[in-house]
Amino acid sequence: MHAFEFMRPADPATAVATAAQAKTAQQGADIRYVAGGTTLIDLMKLNVETPSRLVDINRLPLDKIEATPDGGLKIGATVRNSDLAHHAAVQRDYAVLSQAILNGASAQLRNMATTAGNLLQRTRCAYFRDTAMPCNKREPGTGCPAITGSNRTLAILGTSEQCIATNPSDMCVAMAALEATIHVQGAKGLRAVPIGSFHLLPGNTPHRETVLEPGDLITHVTLPPPVSGSQQVYLKLRDRASYEFALASAAVVVTIAGGRVTRARIAMGGVGTKPWRSPQAESALVGQPANQATFRRAAEAALRGARAQSENGFKIELAKRCLTHALYMAATA
Ligand SMILES: Cc1cc2nc3c(=O)[nH]c(=O)nc-3n(C[C@H](O)[C@H](O)[C@H](O)COP(=O)(O)OP(=O)(O)OC[C@H]3O[C@@H](n4cnc5c(N)ncnc54)[C@H](O)[C@@H]3O)c2cc1C
Ligand code: SF4
(Lines give C-alpha, C1' and ligand atoms only; values in the text may rest on other atoms or scores of the structure.)
(Ligands and ions follow the chains in the order given, each with its own letter.)
Protein backbone atom coordinates (compact mmCIF):
# COMPACT_ATOMS: atom_id res chain seq x y z
CA MET A 1 0.00 0.00 0.00
CA HIS A 2 1.24 3.53 -0.75
CA ALA A 3 2.24 6.00 2.00
CA PHE A 4 -0.39 8.36 3.41
CA GLU A 5 -0.83 10.93 6.17
CA PHE A 6 -3.26 10.11 8.98
CA MET A 7 -5.19 12.55 11.13
CA ARG A 8 -7.85 12.15 13.79
CA PRO A 9 -9.84 15.38 14.28
CA ALA A 10 -11.85 15.91 17.47
CA ASP A 11 -14.71 17.84 15.89
CA PRO A 12 -16.68 17.69 12.61
CA ALA A 13 -15.74 21.26 11.56
CA THR A 14 -12.02 20.42 11.53
CA ALA A 15 -12.69 17.19 9.64
CA VAL A 16 -14.74 19.05 7.00
CA ALA A 17 -12.17 21.86 6.63
CA THR A 18 -9.43 19.28 6.02
CA ALA A 19 -11.38 17.14 3.57
CA ALA A 20 -12.60 20.25 1.70
CA GLN A 21 -9.04 20.61 0.35
CA ALA A 22 -9.54 17.41 -1.71
CA LYS A 23 -9.74 17.75 -5.48
CA THR A 24 -12.79 15.46 -5.59
CA ALA A 25 -15.01 13.43 -3.26
CA GLN A 26 -15.48 10.83 -6.00
CA GLN A 27 -13.15 8.23 -7.55
CA GLY A 28 -9.53 9.38 -7.28
CA ALA A 29 -10.03 11.44 -4.11
CA ASP A 30 -6.72 12.49 -2.57
CA ILE A 31 -8.26 12.98 0.89
CA ARG A 32 -10.70 10.45 2.32
CA TYR A 33 -12.60 10.03 5.55
CA VAL A 34 -12.12 6.62 7.09
CA ALA A 35 -14.68 5.00 9.41
CA GLY A 36 -14.70 1.18 9.73
CA GLY A 37 -12.22 0.92 6.85
CA THR A 38 -13.80 -2.28 5.49
CA THR A 39 -14.28 -0.77 2.02
CA LEU A 40 -11.58 1.87 1.93
CA ILE A 41 -8.58 -0.05 3.29
CA ASP A 42 -9.52 -3.01 1.10
CA LEU A 43 -9.41 -0.78 -2.00
CA MET A 44 -6.20 0.92 -0.86
CA LYS A 45 -4.50 -2.47 -0.65
CA LEU A 46 -5.56 -3.03 -4.28
CA ASN A 47 -4.35 0.47 -5.30
CA VAL A 48 -7.86 1.26 -6.53
CA GLU A 49 -8.01 4.04 -3.92
CA THR A 50 -4.78 6.00 -3.36
CA PRO A 51 -5.56 8.89 -0.99
CA SER A 52 -2.56 10.80 0.34
CA ARG A 53 -4.46 11.78 3.50
CA LEU A 54 -6.91 9.84 5.68
CA VAL A 55 -9.20 11.68 8.07
CA ASP A 56 -10.30 9.26 10.78
CA ILE A 57 -13.82 10.15 11.91
CA ASN A 58 -14.15 7.53 14.65
CA ARG A 59 -13.66 10.06 17.45
CA LEU A 60 -16.37 12.41 16.22
CA PRO A 61 -19.62 12.43 18.23
CA LEU A 62 -21.60 10.69 15.49
CA ASP A 63 -22.22 7.29 17.05
CA LYS A 64 -25.70 7.62 18.59
CA ILE A 65 -29.12 6.21 17.67
CA GLU A 66 -31.82 8.57 18.94
CA ALA A 67 -35.55 9.22 18.54
CA THR A 68 -36.40 12.38 16.59
CA PRO A 69 -39.05 14.85 17.84
CA ASP A 70 -41.47 13.73 15.08
CA GLY A 71 -41.29 10.08 16.17
CA GLY A 72 -38.69 8.99 13.62
CA LEU A 73 -35.12 7.79 14.17
CA LYS A 74 -31.74 9.54 13.89
CA ILE A 75 -28.81 7.23 13.13
CA GLY A 76 -25.29 8.62 13.56
CA ALA A 77 -22.81 8.21 10.71
CA THR A 78 -20.42 6.06 12.74
CA VAL A 79 -23.05 3.79 14.28
CA ARG A 80 -21.78 0.27 13.59
CA ASN A 81 -23.98 -1.89 11.36
CA SER A 82 -24.27 -4.52 14.11
CA ASP A 83 -25.44 -1.95 16.70
CA LEU A 84 -28.01 -0.62 14.25
CA ALA A 85 -29.34 -4.06 13.32
CA HIS A 86 -29.74 -5.09 16.97
CA HIS A 87 -31.18 -1.82 18.28
CA ALA A 88 -34.58 -2.40 19.89
CA ALA A 89 -36.35 0.45 18.06
CA VAL A 90 -34.97 -0.72 14.71
CA GLN A 91 -36.03 -4.31 15.30
CA ARG A 92 -39.49 -3.19 16.41
CA ASP A 93 -40.28 -0.35 13.97
CA TYR A 94 -37.90 -0.75 11.03
CA ALA A 95 -37.52 -4.53 10.85
CA VAL A 96 -36.66 -4.42 7.14
CA LEU A 97 -33.50 -2.46 7.98
CA SER A 98 -32.42 -4.88 10.68
CA GLN A 99 -33.03 -7.84 8.36
CA ALA A 100 -31.11 -6.23 5.48
CA ILE A 101 -28.05 -5.47 7.57
CA LEU A 102 -27.98 -8.94 9.14
CA ASN A 103 -28.11 -10.42 5.63
CA GLY A 104 -24.89 -8.62 4.69
CA ALA A 105 -21.21 -9.44 5.08
CA SER A 106 -20.23 -11.28 8.31
CA ALA A 107 -20.59 -10.59 12.03
CA GLN A 108 -16.98 -9.34 12.23
CA LEU A 109 -17.43 -6.97 9.30
CA ARG A 110 -20.74 -5.66 10.67
CA ASN A 111 -19.00 -4.88 13.96
CA MET A 112 -16.64 -2.54 12.08
CA ALA A 113 -18.81 -1.24 9.22
CA THR A 114 -20.63 2.05 9.78
CA THR A 115 -23.84 3.63 8.53
CA ALA A 116 -22.08 6.23 6.34
CA GLY A 117 -19.45 3.77 5.12
CA ASN A 118 -22.18 1.38 4.02
CA LEU A 119 -23.92 4.19 2.09
CA LEU A 120 -20.62 4.76 0.26
CA GLN A 121 -19.41 1.21 -0.31
CA ARG A 122 -18.14 0.60 -3.83
CA THR A 123 -19.12 -1.89 -6.50
CA ARG A 124 -17.71 -5.42 -6.42
CA CYS A 125 -17.25 -5.43 -10.25
CA ALA A 126 -14.04 -7.46 -10.70
CA TYR A 127 -12.64 -5.10 -13.36
CA PHE A 128 -13.05 -2.11 -11.05
CA ARG A 129 -11.00 -3.88 -8.41
CA ASP A 130 -8.20 -4.90 -10.81
CA THR A 131 -5.90 -2.03 -11.81
CA ALA A 132 -4.47 -4.13 -14.67
CA MET A 133 -7.84 -3.81 -16.44
CA PRO A 134 -9.54 -0.83 -18.07
CA CYS A 135 -12.62 0.51 -16.25
CA ASN A 136 -14.58 3.70 -16.89
CA LYS A 137 -15.50 4.00 -13.23
CA ARG A 138 -11.90 3.80 -12.01
CA GLU A 139 -10.26 5.56 -14.98
CA PRO A 140 -12.78 7.53 -17.05
CA GLY A 141 -12.56 6.94 -20.79
CA THR A 142 -10.71 3.61 -20.65
CA GLY A 143 -13.77 1.47 -21.46
CA CYS A 144 -16.02 -1.08 -19.80
CA PRO A 145 -14.75 -4.65 -20.28
CA ALA A 146 -17.67 -6.00 -18.23
CA ILE A 147 -20.17 -5.31 -21.01
CA THR A 148 -18.56 -7.95 -23.22
CA GLY A 149 -16.88 -9.87 -20.42
CA SER A 150 -17.72 -11.22 -17.01
CA ASN A 151 -21.05 -9.67 -16.02
CA ARG A 152 -23.03 -12.40 -14.27
CA THR A 153 -23.36 -10.41 -11.03
CA LEU A 154 -23.74 -6.99 -12.61
CA ALA A 155 -26.74 -4.70 -13.01
CA ILE A 156 -29.81 -4.96 -15.22
CA LEU A 157 -31.48 -1.69 -14.18
CA GLY A 158 -30.07 1.82 -14.51
CA THR A 159 -27.11 0.76 -16.66
CA SER A 160 -25.44 2.82 -19.39
CA GLU A 161 -23.07 2.21 -22.31
CA GLN A 162 -20.27 3.31 -19.96
CA CYS A 163 -20.92 1.15 -16.88
CA ILE A 164 -23.15 -1.69 -15.67
CA ALA A 165 -21.79 -2.01 -12.11
CA THR A 166 -24.18 -3.10 -9.37
CA ASN A 167 -24.54 -1.16 -6.14
CA PRO A 168 -23.82 -3.95 -3.64
CA SER A 169 -25.38 -2.58 -0.44
CA ASP A 170 -28.16 -4.36 1.44
CA MET A 171 -28.64 -1.60 4.02
CA CYS A 172 -29.28 1.03 1.35
CA VAL A 173 -32.08 -1.04 -0.21
CA ALA A 174 -33.95 -1.12 3.09
CA MET A 175 -33.28 2.58 3.61
CA ALA A 176 -34.71 3.31 0.14
CA ALA A 177 -37.92 1.48 1.07
CA LEU A 178 -38.02 3.37 4.38
CA GLU A 179 -37.48 6.73 2.61
CA ALA A 180 -34.40 7.67 4.62
CA THR A 181 -32.78 11.10 4.46
CA ILE A 182 -29.01 11.58 4.51
CA HIS A 183 -27.66 14.58 6.40
CA VAL A 184 -24.41 16.16 5.26
CA GLN A 185 -22.14 18.78 6.77
CA GLY A 186 -20.07 20.42 4.04
CA ALA A 187 -17.84 23.41 3.38
CA LYS A 188 -20.98 25.43 2.52
CA GLY A 189 -23.06 24.28 5.51
CA LEU A 190 -25.62 21.58 6.27
CA ARG A 191 -27.95 19.89 3.84
CA ALA A 192 -30.38 16.96 3.76
CA VAL A 193 -30.57 14.62 0.77
CA PRO A 194 -33.34 12.04 0.26
CA ILE A 195 -31.74 8.64 -0.31
CA GLY A 196 -33.30 8.41 -3.78
CA SER A 197 -31.28 11.48 -4.87
CA PHE A 198 -28.06 10.56 -3.06
CA HIS A 199 -26.66 7.90 -5.43
CA LEU A 200 -26.22 8.78 -9.12
CA LEU A 201 -26.89 6.67 -12.19
CA PRO A 202 -23.67 5.96 -14.14
CA GLY A 203 -24.70 7.67 -17.41
CA ASN A 204 -21.55 9.10 -19.01
CA THR A 205 -19.88 9.72 -15.64
CA PRO A 206 -19.68 6.39 -13.79
CA HIS A 207 -16.80 7.74 -11.66
CA ARG A 208 -19.35 10.05 -9.99
CA GLU A 209 -21.40 7.82 -7.68
CA THR A 210 -23.03 10.26 -5.26
CA VAL A 211 -23.86 13.93 -4.89
CA LEU A 212 -21.03 14.42 -2.38
CA GLU A 213 -18.54 17.28 -2.91
CA PRO A 214 -15.06 17.70 -1.36
CA GLY A 215 -15.35 18.06 2.41
CA ASP A 216 -18.88 16.65 2.64
CA LEU A 217 -19.20 14.65 5.84
CA ILE A 218 -22.27 12.47 6.36
CA THR A 219 -23.26 13.21 9.94
CA HIS A 220 -26.41 11.07 10.28
CA VAL A 221 -29.36 9.45 8.56
CA THR A 222 -32.97 10.01 9.59
CA LEU A 223 -35.92 7.67 9.13
CA PRO A 224 -39.48 9.00 9.10
CA PRO A 225 -41.87 7.83 11.84
CA PRO A 226 -42.79 4.17 11.41
CA VAL A 227 -46.01 3.37 9.55
CA SER A 228 -48.28 1.64 12.02
CA GLY A 229 -49.51 -1.77 10.91
CA SER A 230 -46.98 -2.09 8.08
CA GLN A 231 -45.44 -5.48 7.28
CA GLN A 232 -41.74 -5.42 6.46
CA VAL A 233 -39.55 -8.01 4.76
CA TYR A 234 -36.05 -8.07 3.29
CA LEU A 235 -35.42 -11.08 1.08
CA LYS A 236 -31.94 -11.65 -0.34
CA LEU A 237 -31.07 -14.28 -2.97
CA ARG A 238 -27.39 -15.11 -3.46
CA ASP A 239 -25.01 -17.88 -4.47
CA ARG A 240 -24.46 -19.06 -0.89
CA ALA A 241 -26.26 -18.38 2.36
CA SER A 242 -23.72 -16.12 4.06
CA TYR A 243 -20.84 -13.78 3.31
CA GLU A 244 -22.10 -13.12 -0.20
CA PHE A 245 -23.59 -10.18 -2.08
CA ALA A 246 -27.13 -10.23 -3.49
CA LEU A 247 -27.89 -11.50 -6.96
CA ALA A 248 -31.34 -10.06 -6.30
CA SER A 249 -32.98 -8.72 -3.17
CA ALA A 250 -36.22 -7.01 -2.26
CA ALA A 251 -37.17 -4.69 0.59
CA VAL A 252 -40.92 -4.38 1.03
CA VAL A 253 -42.86 -2.21 3.45
CA VAL A 254 -46.57 -2.77 2.85
CA THR A 255 -49.81 -2.11 4.63
CA ILE A 256 -52.74 -4.43 3.97
CA ALA A 257 -56.29 -3.75 5.13
CA GLY A 258 -59.46 -5.63 4.23
CA GLY A 259 -57.47 -7.90 1.93
CA ARG A 260 -56.13 -5.01 -0.17
CA VAL A 261 -52.78 -3.27 -0.28
CA THR A 262 -53.28 0.28 1.01
CA ARG A 263 -49.65 1.45 1.01
CA ALA A 264 -46.45 0.06 -0.51
CA ARG A 265 -42.80 1.04 -0.54
CA ILE A 266 -40.62 -1.26 -2.64
CA ALA A 267 -36.88 -1.29 -3.32
CA MET A 268 -34.60 -3.84 -4.90
CA GLY A 269 -30.92 -4.74 -4.56
CA GLY A 270 -28.40 -6.73 -6.60
CA VAL A 271 -30.02 -5.60 -9.83
CA GLY A 272 -29.53 -1.82 -10.04
CA THR A 273 -26.62 0.54 -10.50
CA LYS A 274 -28.01 2.27 -7.40
CA PRO A 275 -30.32 1.06 -4.61
CA TRP A 276 -33.44 0.60 -6.73
CA ARG A 277 -36.75 2.05 -5.50
CA SER A 278 -39.62 0.97 -7.73
CA PRO A 279 -42.55 3.42 -7.96
CA GLN A 280 -43.86 1.18 -10.77
CA ALA A 281 -44.21 -1.78 -8.40
CA GLU A 282 -45.76 0.45 -5.74
CA SER A 283 -48.43 1.74 -8.18
CA ALA A 284 -49.19 -1.82 -9.30
CA LEU A 285 -49.84 -2.81 -5.67
CA VAL A 286 -51.83 0.00 -4.09
CA GLY A 287 -55.60 -0.57 -4.14
CA GLN A 288 -55.23 -4.14 -5.41
CA PRO A 289 -56.09 -7.43 -3.69
CA ALA A 290 -53.15 -8.76 -1.67
CA ASN A 291 -52.70 -11.97 -3.66
CA GLN A 292 -50.13 -13.76 -5.83
CA ALA A 293 -51.48 -12.33 -9.09
CA THR A 294 -51.07 -8.77 -7.82
CA PHE A 295 -47.61 -9.49 -6.43
CA ARG A 296 -46.45 -10.98 -9.73
CA ARG A 297 -47.85 -7.98 -11.65
CA ALA A 298 -45.91 -5.66 -9.34
CA ALA A 299 -42.73 -7.65 -9.99
CA GLU A 300 -43.31 -7.50 -13.76
CA ALA A 301 -43.70 -3.72 -13.44
CA ALA A 302 -40.52 -3.40 -11.38
CA LEU A 303 -38.41 -5.22 -13.98
CA ARG A 304 -40.04 -3.75 -17.11
CA GLY A 305 -37.01 -1.62 -18.00
CA ALA A 306 -34.42 -4.31 -17.27
CA ARG A 307 -31.61 -4.76 -19.75
CA ALA A 308 -29.60 -7.99 -19.64
CA GLN A 309 -26.00 -8.56 -20.72
CA SER A 310 -24.45 -11.83 -21.93
CA GLU A 311 -24.36 -13.59 -18.53
CA ASN A 312 -26.93 -11.91 -16.29
CA GLY A 313 -30.24 -12.45 -18.10
CA PHE A 314 -31.24 -14.94 -15.38
CA LYS A 315 -31.48 -12.04 -12.95
CA ILE A 316 -34.65 -10.69 -14.56
CA GLU A 317 -36.75 -13.73 -13.62
CA LEU A 318 -34.84 -14.19 -10.34
CA ALA A 319 -35.60 -10.62 -9.29
CA LYS A 320 -39.28 -11.00 -10.21
CA ARG A 321 -39.56 -14.15 -8.10
CA CYS A 322 -37.66 -12.48 -5.28
CA LEU A 323 -40.07 -9.53 -5.12
CA THR A 324 -43.16 -11.73 -5.58
CA HIS A 325 -42.06 -13.97 -2.71
CA ALA A 326 -41.06 -11.07 -0.44
CA LEU A 327 -44.56 -9.63 -0.90
CA TYR A 328 -46.10 -13.02 -0.16
CA MET A 329 -43.99 -13.30 3.01
CA ALA A 330 -45.08 -9.81 4.11
CA ALA A 331 -48.75 -10.52 3.39
CA THR A 332 -48.71 -13.78 5.35
CA ALA A 333 -46.49 -12.65 8.23
C1 LIG B 1 -15.79 -9.48 2.43
C2 LIG B 1 -16.87 -8.44 2.48
C3 LIG B 1 -18.20 -8.83 2.32
C4 LIG B 1 -19.20 -7.87 2.37
N5 LIG B 1 -20.51 -8.26 2.18
C6 LIG B 1 -21.49 -7.32 2.17
C7 LIG B 1 -22.86 -7.66 1.94
O8 LIG B 1 -23.20 -8.83 1.78
N9 LIG B 1 -23.78 -6.67 1.94
C10 LIG B 1 -23.43 -5.36 2.14
O11 LIG B 1 -24.31 -4.50 2.12
N12 LIG B 1 -22.16 -5.00 2.34
C13 LIG B 1 -21.19 -5.94 2.36
N14 LIG B 1 -19.90 -5.57 2.55
C15 LIG B 1 -19.57 -4.15 2.56
C16 LIG B 1 -19.57 -3.55 3.92
O17 LIG B 1 -20.90 -3.43 4.38
C18 LIG B 1 -18.93 -2.16 3.76
O19 LIG B 1 -17.56 -2.36 3.50
C20 LIG B 1 -19.11 -1.29 4.98
O21 LIG B 1 -20.46 -1.03 5.21
C22 LIG B 1 -18.36 0.02 4.80
O23 LIG B 1 -18.38 0.74 6.02
P24 LIG B 1 -17.04 1.27 6.67
O25 LIG B 1 -17.43 2.06 7.86
O26 LIG B 1 -16.07 0.15 6.89
O27 LIG B 1 -16.53 2.24 5.50
P28 LIG B 1 -15.07 2.77 5.18
O29 LIG B 1 -14.31 1.73 4.45
O30 LIG B 1 -14.45 3.39 6.38
O31 LIG B 1 -15.47 3.95 4.18
C32 LIG B 1 -16.11 3.68 2.96
C33 LIG B 1 -16.21 5.00 2.18
O34 LIG B 1 -17.07 5.89 2.86
C35 LIG B 1 -16.43 7.12 3.12
N36 LIG B 1 -16.97 7.59 4.39
C37 LIG B 1 -17.06 6.88 5.55
N38 LIG B 1 -17.72 7.59 6.48
C39 LIG B 1 -18.05 8.78 5.89
C40 LIG B 1 -18.78 9.93 6.34
N41 LIG B 1 -19.29 10.01 7.56
N42 LIG B 1 -18.95 10.95 5.48
C43 LIG B 1 -18.45 10.88 4.22
N44 LIG B 1 -17.75 9.83 3.75
C45 LIG B 1 -17.57 8.78 4.58
C46 LIG B 1 -14.95 6.80 3.13
O47 LIG B 1 -14.17 7.94 2.78
C48 LIG B 1 -14.87 5.72 2.06
O49 LIG B 1 -14.80 6.31 0.78
C50 LIG B 1 -18.88 -6.51 2.55
C51 LIG B 1 -17.53 -6.11 2.72
C52 LIG B 1 -16.53 -7.07 2.69
C53 LIG B 1 -15.10 -6.62 2.87
S1 SF4 C 1 -19.16 -2.19 -15.12
FE2 SF4 C 1 -18.44 -0.21 -14.40
S3 SF4 C 1 -17.07 -0.77 -12.73
FE4 SF4 C 1 -17.29 -2.61 -14.02
S5 SF4 C 1 -15.69 -2.49 -15.64
FE6 SF4 C 1 -17.48 -1.51 -16.45
S7 SF4 C 1 -17.10 0.65 -15.96
FE8 SF4 C 1 -15.80 -0.52 -14.60
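Against the test of being away from ligand 2 (no atom under 16 Å from the Cβ), buried (at least 23 other Cβ atoms within 10 Å of the Cβ), over 30 Å from VAL55 (Cβ atoms) and without any contact (Cβ under 8 Å) to a residue 60 or more places away in the chain, the options ALA251, ALA264 yield a single qualifying residue, ALA264. Quick one: which of PRO202, PRO145 is of a type outside the set (Phe, Trp, Tyr) and surrounded by 24 or more Cβ atoms within 10 Å (Cβ to Cβ)? Every option except PRO202 fails the conditions. The single condition from (1) over 24 Å from the mean Cα position of the chain (by Cα); (2) under 15 Å from LEU235 (Cα atoms) that ARG297 fails is (2). Return the residues of region 168-183 that are surrounded by fewer than 24 Cβ atoms within 10 Å (Cβ to Cβ) and either modelled with pLDDT under 95 or under 28 Å from ALA22 (Cβ atoms) (or both); say none if nothing qualifies. Once the filter is applied, which keeps residues that are surrounded by fewer than 24 Cβ atoms within 10 Å (Cβ to Cβ) and either modelled with pLDDT under 95 or under 28 Å from ALA22 (Cβ atoms) (or both), region 168-183 yields PRO168, THR181, HIS183. The residue list GLY36, GLY71 contains one member that is surrounded by fewer than 19 Cβ atoms within 10 Å (Cβ to Cβ) and either assigned to a loop (DSSP other than H, G, I, E, B) or under 16 Å from the mean Cα position of the chain (by Cα) (or both), which is GLY71. Residues of region 252-282 that are over 23 Å from the mean Cα position of the chain (by Cα) and small (Gly, Ala, Ser): ALA257, GLY258, GLY259. Criterion applied to THR166, THR148, THR142 was being over 21 Å from SER249 (Cα atoms) and in contact (Cβ under 8 Å) with a residue 60 or more places away in the chain, and the one residue passing it is THR148.
Show me the helices (runs of 4 or more DSSP H) entirely contained within region 74-126 in which 2 or more residues are under 16 Å from the mean Cα position of the chain (by Cα), buried (at least 18 other Cβ atoms within 10 Å of the Cβ) and more than 7 Å from ligand 1 (Cβ to nearest atom). Here the list reads 81-86, 95-102, 115-119.
Checking each residue in region 121-169 for being under 20 Å from LEU40 (Cα atoms), hydrophobic (A, V, I, L, M, F, W, C) and more than 9 Å from ligand 2 (Cβ to nearest atom) picks out only ALA132.
Annotation note: of GLY141, GLY196, GLY158, GLY186, the sole residue that is within 30 Å of ASP11 (Cα to Cα) and away from ligand 1 (no atom under 11 Å from the Cβ) is GLY196.
Could you tell me how many of the residues in region 296-333 are among the small types (Gly, Ala, Ser) and part of a helix (DSSP H, G or I)?
Just the residues of region 296-333 that are among the small types (Gly, Ala, Ser), to begin with: 298-299, 301-302, 305-306, 308, 310, 313, 319, 326, 330-331, 333.
If we keep only those that are part of a helix (DSSP H, G or I) too, we end up with 298-299, 301-302, 319, 326, 330-331.
Number of matching residues: 8.
Residues in region 42-52 that are without any contact (Cβ under 8 Å) to a residue 60 or more places away in the chain and either surrounded by 14 or more Cβ atoms within 10 Å (Cβ to Cβ) or in a loop (DSSP other than H, G, I, E, B) (or both): ASP42, MET44, GLU49, THR50, PRO51, SER52.
Being over 20 Å from the mean Cα position of the chain (by Cα), loosely packed, with under 14 Cβ neighbours inside 10 Å and more than 30 Å from ASP130 (Cβ to Cβ) is a property that GLU5 lacks. Counting only residues that are out of contact with any Leu (no Cβ under 8 Å at 6 or more places or on another chain) and assigned to a strand (DSSP E or B), which one in region 55-68 is surrounded by the fewest Cβ atoms within 10 Å (Cβ to Cβ)? So the residue we want is ASP56.
The values are calculated or read from the model by the stated rules, or taken from the named source; none is laboratory data. Just so it is clear, the model here is predicted, and its values are computed rather than measured. Methodologically, a virtual Cβ is constructed for each residue, glycine included, from the backbone with ideal geometry; neighbour enumeration extends over all protein chains shown.
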